[in-house]
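The structure appears right after this line, and notes come after that.
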Amino acid sequence: MFISDLLEEVYFSIFANKVRSGLTILGIVIGVGSVVAMISIGQGTRVSIEESIKSIGSNLLMVSPGIKQGPGIQVSSGRGSAQSIDIDDAEAIEQEISFIEAVAPEVSSKYQIVAKGTNTNTSILGTVASYTRVKNLEMDIGTFFSEQDVKNSSKIAVLGSTTRDDLFGENSNPIGQKIKTNNISFTVIGVAESKGGTGFGSQDDIIYIPISTAQRFYQVTIMLALLIFKLRMRSICQLLMNRLPLFC
């Protein structure tokens with residue numbers, strides 16, 4: 001049987017059963033379309049998740065204090081209440097563990113911020129200059145503070161994009177402007193690029209200041225709320241967890 005004969009037989013079979021042939025073709029189209037759609041959705045979701053992870057760093061290890069307990073029956077004040085990590089711990093870990101690329105200690109609390117007649121309630125996060133490297137934080141305009149600013153307890157601030165919009169207007173340039181909280185004035189030196197998130201999960205509704213400034217002017221405890229480590233290789237994360245000393 002030649003190819004022409006096969007094609008002729010197929011042709012007559014299709015047109016002899018038009019309804020069945022149409023339904024078969026429709027089923028094939030729907031099936032292929034569904035597979036393509038599912039693959040596209042899966043790939044899009046994967047890319048979105050990867051971008052979200054990349055925005056905060058994919059090789060990070062975060063260490064927070066444990067739970068404060070009382071004698072006898074456990075009395076818990078919540079995770080992080082033990083206050084057992086300080087700056088010396090952060091520096092010692094960075095110096096003694098070779099596969100840690102950088103350490104970013106931080107303290108934070110929420111305050112009412114005032115600027116040019118407007119105000120907003122947002123988080124003030126005290127940290128160090130290496131925070132940008134640890135958390136993959138890019139600057140939209142201006143600069144982040146330096147280690148010298150941390151040593152000097154400089155009264156300078158870097159705004160998240162949402163905080164900038166709330167205080168000075170959308171997409172404005174607030175460099176050199178003053179913000180005030182608890183009767184303490186800060187000079188704005190930069191605005192961080194948007195990292196996404198909404199509500200309580202927003203990484204843009206925030207103000208960064210040197211950690212020494214937070215500890216000095218806000219009379220916060222010298223203990224840290226969180227230590228963030230950037231590892232040189234993601235594969236050694238488990239090894240690091242096994243080697244870290246217990247703080248609580």
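The values are calculated or read from the model by the stated rules, or taken from the named source; none is laboratory data. All of these numbers come straight from a predicted model, not from anything done at the bench. All Cβ positions, glycine included, derive from the backbone under ideal geometry; neighbour counts span all protein chains shown.
Remarks
- Residue within the stretch 135-151 that is of a type in the set (S, T, N, Q) and either within 16 Å of Ser194 (Cα to Cα) or not assigned by TED's automatic domain parsing to the domain that holds Asn182 (or both) present: yes
- Top-ranked residue in the stretch 110-144 [being small (Gly, Ala, Ser) and out of contact with any strand residue (DSSP E or B) (no Cβ under 6 Å at 6 or more places or on another chain); ranked as modelled with the highest pLDDT]: Ala129
- Going through (1) aliphatic (A, V, I, L, M); (2) at pLDDT below 80; (3) under 30 Å from Lys135 (Cβ atoms) one by one, Leu6 falls short only on (3).
- Within the stretch 104-119, residues that are under 24 Å from Leu61 (Cα atoms) reach partners that are aromatic (Phe, Trp, Tyr) with beta carbons closer than 6 Å, at six or more positions or on different chains, in the pairs Ala104/Tyr131.
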